[in-house]
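A.B. asks: Below you will find the structure I want to go over with you.
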Amino acid sequence: MNKLSQNAPAKDAGRSKLAALNAWVAEVAALTRPDSIHWCDGSDAENDALIAQMEADGTLIRLNTETHPRSWLHRSHPDDVARVEHLTFVCTPQQDDAGPNNHWMPPADGHAKMDALFDGCMAGRTMYVIPYCMGPIDSPLSRCGVEITDSPYVVANMRIMTRMGAPSLARIEREGSFVKGLHSIGELDPNRRFIMHFPEELTIKSYGSGYGGNALLGKKCHALRIASYQAKSEGWLAEHMLILGLENPQGETHYIAAAFPSACGKTNLAMLIPPEGYRKDGWKVWTIGDDICWMRPGADGRLYAINPEAGFFGVAPGTSQTSNPNALKTIQHDTIFTNVAVTGDNQPWWEGLDKREPAIDWRGNDYDFSKGTPAAHPNSRFTVSAKQCPSYSPKAEDPQGVPISAIVFGGRRASLVPLVFEARDWAHGVLVGAAMGSETTAAATGAVGVMRRDPMAMKPFCGYNFADYFSHWLSFDKPGAKLPKIFHVNWFRKGDDGRFLWPGFGDNLRVLEWMIKRVTGEAGAQETPIGNLPNVEDLNVAGLEFGNEARDKLFGFDQAGWRAEFESIGEYLDGYGPRMPQLLRKEQQRITEALN
Ligand code: SAT
Ligand code: MN
């Protein structure tokens with residue numbers, strides 16, 4: 001008999017504020033017909049029992065206990081390795097409310113399609129009820145949800161990624177409201193897989209995938225798609241951004257929020273270790289979050305941010321002693337690895353980690369070098385508690401959040417886009433975010449390396465019409481507001497030989513320093529039609545060597561190239577029709593004229 005057998009909800013259903021929750025759980029159980037129901041309390045004993053069960057049935061493989069204590073490898077179904085944007089829907093009564101940026105279905109059709117899939121799907125399985133809180137449990141900015149799933153792997157990951165269990169259930173009981181997420185791995189059949197959102201009902205239904213953002217519903221489904229919709233009506237922002245604190249030698253810390261698409265280095269930037277000279281001078285980076293940021297105006301007019309997550313679901317490949325030593329320390333123990341390779345002595349391994357040779361690839365086969373395919377899946381991941389990160393900031397648990405001094409947008413752009421520029425004002429900054437482009441990565445299924453517009457890195461995650469989202473962003477510029485400065489960066493500019501021109505990683509601190517000095521009025525810049533660019537002398541580049549090509553491309557501005565870019569941005573904005581805010585069109589036209 002399963003140790004995690006049927007247990008009862010915490011309170012008498014009829015009288016308590018949990019009545020709605022209990023009724024929903026009963027309704028889902030009647031539809032999915034599980035063998036048993038388990039309410040997750042988040043305790044160690046519960047986790048130990050789940051892990052033991054998953055080890056016994058092969059869902060988890062124990063890794064080398066000396067080098068990686070209490071760490072596990074999970075191999076997902078080979079057809080289930082990334083988010084599936086083409087199968088992700090936003091179901092609003094009016095199609096226009098979901099916008100051209102989302103796949104849409106009428107809510108009734110969405111429910112019918114999903115409920116047909118869920119019908120009886122948990123027969124022979126345990127149904128887990130996971131109460132969770134996104135954000136510090138006592139923060140007014142936090143929001144609760146309940147995920148129902150038949151995947152113990154999802155439970156173990158949600159326990160790391162969210163504040164899960166008894167305290168969250170208590171908050172739900174107090175508040176009476178929560179986001180409902182229903183998930184089943186189904187048959188893991190790509191032809192029977194959908195991720196559907198019903199923003200007006202604060203409801204998510206996800207079927208047929210056990211992977212990452214498709215299945216850990218607190219993450220992209222709740223904390224971005226549903227939360228962005230809630231944020232619009234409640235006057236805040238739910239964004240695909242890391243949050244870091246930059247402490248200077250005077251001991252002052254400025255907080256920066258930065259939006260980059262998936263697998264473009266958010267985790268590395270959030271955990272950055274300054275170059276040696278900076279370290280000696282007393283610079284330090286504090287990690288608040290690596291993926292999601294919720295922010296709202298405080299009484300003083302500044303934007304205050306929390307990280308709604310409690311852990312990192314980070315990309316493994318490329319994580320190394322050079323790119324992210326803090327991440328390597330973080331994942332030394334108590335970590336779930338998904339789809340990485342392993343060495344002969346059963347340690348997790350991925351491309352870019354080190355020079356050792358992998359023995360077994362992510363599918364579990366002997367690794368065959370001659371095939372030339374990677375041993376770890378390019379979207380292989382680690383799930384780990386943020387508390388294990390050496391640079392984790394104590395402020396990350398502050399219920400009031402941290403005040404944001406700078407917002408950064410960025411993508412992978414091999415050409416045209418310089419290292420960094422500053423927006424003139426808020427409206428220009430919103431255009432910079434709206435016009436953002438990036439080459440696609442392995443974080444979603446589909447072609448990799450194709451340039452697409454990814455406004456604010458939210459293309460896959462905004463739960464409503466982008467035109468309304470841009471209006472919402474613009475609305476924060478009002479009397480009394482003390483808004484952050486907005487910047488754009490590109491760590492990925494390439495030379496004619498195809499090599500990256502900027503060293504990146506720790507040296508990105510030089511760019512962050514310039515930004516904060518722009519905020520405090522201590523650094524110079526040259527004005528151009530696209531924004532304020534640093535002259536090479538405005539940035540501390542001591543110890544770095546640049547040829548003429550690197551100087552031109554990282555710090556220069558290609559007028560003809562930008563003219564073409566702004567034409568394409570204009571066409572992109574036109575695609576949203578009359579809902580697109582006039583102010584953004586005007587910004588685009590003003591810059592286009594300046595470029596001509
Ligand atoms: O799979 S996730 O959506 O959680 C990761 C990502 O794409 O950012
Ligand atoms: Mn992400």
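The values are calculated or read from the model by the stated rules, or taken from the named source; none is laboratory data. All values derive from a computational prediction rather than experimental measurement. Note that each Cβ is placed from the backbone with ideal geometry, even for glycine, and that neighbours are counted across all protein chains shown. All accessible areas refer to the heavy atoms of the entire protein, side chains included, with ligands and DNA or RNA removed. Shrake-Rupley method; radii C 1.70, N 1.55, O 1.52, S 1.80 Å.
A.B. asks: Taking into account only those residues within region 524-546 that are more than 21 Å from D281 (Cα to Cα) and in a loop (DSSP other than H, G, I, E, B), which is most open to solvent (accessible area, probe 1.4 Å)?
C.D. replies: Step one: of region 524-546, the residues more than 21 Å from D281 (Cα to Cα) are 524-536, 545-546.
This time we only want the ones that are in a loop (DSSP other than H, G, I, E, B), so: 524-525, 529-530, 534-535, 545-546.
Values: G524: 29, A525: 36, P529: 27, I530: 3, P534: 2, N535: 48, E545: 174, F546: 38 Å².
By that ranking, first place goes to E545.
A.B. asks: Does region 239-259 include one or more residues that are open to solvent by 10 Å² or more (accessible area, probe 1.4 Å), away from ligand 1 (no atom under 14 Å from the Cβ) and modelled with pLDDT under 95? If you could, list the steps in order and put the result at the bottom.
C.D. replies: Start the filter on region 239-259 by keeping residues that are open to solvent by 10 Å² or more (accessible area, probe 1.4 Å), which leaves 247-255.
Okay, now just the ones that are also away from ligand 1 (no atom under 14 Å from the Cβ), so 247-255.
From the residues that got through so far, the ones that are modelled with pLDDT under 95 too are none.
Scanning region 239-259 turns up no residue that is open to solvent by 10 Å² or more (accessible area, probe 1.4 Å), away from ligand 1 (no atom under 14 Å from the Cβ) and modelled with pLDDT under 95.
A.B. asks: Related question: Does F369 count as surrounded by 20 or more Cβ atoms within 10 Å (Cβ to Cβ) and within 25 Å of T441 (Cα to Cα)?
C.D. replies: Values: surrounded by 20 or more Cβ atoms within 10 Å (Cβ to Cβ): no; within 25 Å of T441 (Cα to Cα): yes.
So F369 does not fit the description; no.
A.B. asks: To continue, here is another question. Identify the residue in region 446-461 that is under 20 Å from E239 (Cα atoms) and more than 13 Å from ligand 2 (Cβ to nearest atom) and, among all such residues, is least open to solvent (accessible area, probe 1.4 Å).
C.D. replies: P455
A.B. asks: Let me ask something else about it. Name the one entry in A427, A444, A434 that is farther than 30 Å from W283 by Cβ and within 16 Å of ligand 1 (Cβ to nearest atom). Can you show your working first?
C.D. replies: On the way: A427 fails: within 16 Å of ligand 1 (Cβ to nearest atom); A434 fails: within 16 Å of ligand 1 (Cβ to nearest atom).
From the options A427, A444, A434, the qualifying one is A444.
A.B. asks: Here's another thing I want to ask about it. Would you be able to say whether some residue in region 333-347 is surrounded by 20 or more Cβ atoms within 10 Å (Cβ to Cβ), in contact with a Cys (Cβ under 9 Å, 6 or more places away or on another chain) and either within 26 Å of P78 (Cα to Cα) or in contact (Cβ under 8 Å) with a residue 40 or more places away in the chain (or both)?
C.D. replies: No, the conditions are met nowhere in region 333-347.
A.B. asks: Shifting gears a bit: Among the numbered conditions (1) closer than 22 Å to S228 by Cβ; (2) outside any strand (DSSP E or B), tell me where D115 comes up short.
C.D. replies: It fails just one condition, (1).
A.B. asks: A further question on this structure: Based on this model, can you work out whether R424 counts as basic (K, R) and in contact (Cβ under 8 Å) with a residue 60 or more places away in the chain? So that I can check it myself, show each step before the final result.
C.D. replies: Values: basic (K, R): yes; in contact (Cβ under 8 Å) with a residue 60 or more places away in the chain: yes.
So R424 fits the description; yes.
A.B. asks: Right, here's the next one. Among the residues in region 206-219, are any away from ligand 2 (no atom under 16 Å from the Cβ), of a type in the set (A, V, I, L, M, F, W, C) and not assigned by TED's automatic domain parsing to the domain that holds S380?
C.D. replies: Taking every residue of region 206-219 in turn, none turns out to be away from ligand 2 (no atom under 16 Å from the Cβ), of a type in the set (A, V, I, L, M, F, W, C) and not assigned by TED's automatic domain parsing to the domain that holds S380.
A.B. asks: Among the residues of region 568-596, what is the count of those that are more than 27 Å from E537 (Cα to Cα) and in contact with a helix residue (DSSP H, G or I) (Cβ under 7 Å, 6 or more places away or on another chain)? Before you say what the answer is, go through the steps one by one.
C.D. replies: Within region 568-596, the first condition is being more than 27 Å from E537 (Cα to Cα), and the residues that meet it are 568-590, 592-593, 596.
Next, from what is left, pick out any that are in contact with a helix residue (DSSP H, G or I) (Cβ under 7 Å, 6 or more places away or on another chain): 569-570, 573, 576, 579-581, 583-585, 587-588, 592, 596.
Total meeting the criteria: 14.
A.B. asks: Give the residue that is most open to solvent (accessible area, probe 1.4 Å), with candidates limited to residues of region 402-445 that are modelled with pLDDT under 95 and among the polar types (S, T, N, Q).
C.D. replies: T445
A.B. asks: Then there is this: Which residue pairs have Cβ atoms closer than 9 Å, lie 6 or more positions apart in sequence or on different chains, and pair a first residue in region 296-315 that is more than 21 Å from P390 (Cβ to Cβ) with a second residue that is within 16 Å of ligand 2 (Cβ to nearest atom) and assigned to a loop (DSSP other than H, G, I, E, B)?
C.D. replies: Pairs found: P308/T162; P308/I292.
A.B. asks: So, one more: Do you know which of the residues in region 260-301 that are basic (K, R) and under 26 Å from D454 (Cα atoms) is most open to solvent (accessible area, probe 1.4 Å)?
C.D. replies: Quick first cut of region 260-301, residues basic (K, R) only: 266, 279-280, 284, 296.
Now narrow it down to the ones that are under 26 Å from D454 (Cα atoms): 266, 296.
Details: K266: 12, R296: 70 Å².
Here the answer is R296.
A.B. asks: Enumerate the strands (runs of 3 or more DSSP E) found wholly within region 388-450, keeping only those where 1 or more residues are over 25 Å from R551 (Cα atoms) and not β-branched (V, I, T). Quick ask: steps written out before the conclusion?
C.D. replies: On the way: elements: 402-410, 420-422, 437-439.
Filter on region 388-450 gives 402-410.
A.B. asks: Being closer than 20 Å to A310 by Cβ, at pLDDT 95 or above and either crowded, with 24+ Cβ neighbours inside 10 Å or within 13 Å of ligand 1 (Cβ to nearest atom) (or both) is the requirement here; does A223 meet it? Spell out how you get there, then give the answer.
C.D. replies: Details: closer than 20 Å to A310 by Cβ: yes; at pLDDT 95 or above: yes; either crowded, with 24+ Cβ neighbours inside 10 Å or within 13 Å of ligand 1 (Cβ to nearest atom) (or both): yes.
It is true that A223 is closer than 20 Å to A310 by Cβ, at pLDDT 95 or above and either crowded, with 24+ Cβ neighbours inside 10 Å or within 13 Å of ligand 1 (Cβ to nearest atom) (or both).
A.B. asks: Any residue in region 178-202 that is touching a residue at least 24 places away in the same chain (Cβ under 8 Å) sitting within a Cβ distance under 6 Å of a residue that is among the aliphatic types (A, V, I, L, M) and in a strand (DSSP E or B)? List the pairs, counting only those 6 or more apart or interchain.
C.D. replies: Hits for this filter: F178/V146; G181/I204; L182/I148; H197/V90; H197/I204; L202/V179.
So that you can scan it fast, the table gives a plain yes or no per residue for (1) surrounded by fewer than 21 Cβ atoms within 10 Å (Cβ to Cβ); (2) assigned to a strand (DSSP E or B); (3) modelled with pLDDT under 95:
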site: H86; (1), (2), (3): yes, no, no
site: T92; (1), (2), (3): no, no, no
site: D96; (1), (2), (3): yes, no, no
site: A123; (1), (2), (3): yes, no, no
site: Y132; (1), (2), (3): no, yes, no
site: E147; (1), (2), (3): no, yes, no
site: N157; (1), (2), (3): no, no, no
site: I160; (1), (2), (3): no, no, no
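A.B. asks: Tell me yes or no: at least one residue of region 171-184 is part of a helix (DSSP H, G or I) and under 19 Å from the mean Cα position of the chain (by Cα). Give the steps one after another, and end with the answer.
C.D. replies: Narrowing region 171-184 to residues part of a helix (DSSP H, G or I): 171-175.
In the following step, the residues that additionally are under 19 Å from the mean Cα position of the chain (by Cα) were identified as none.
Looking through region 171-184, none of the residues is part of a helix (DSSP H, G or I) and under 19 Å from the mean Cα position of the chain (by Cα).
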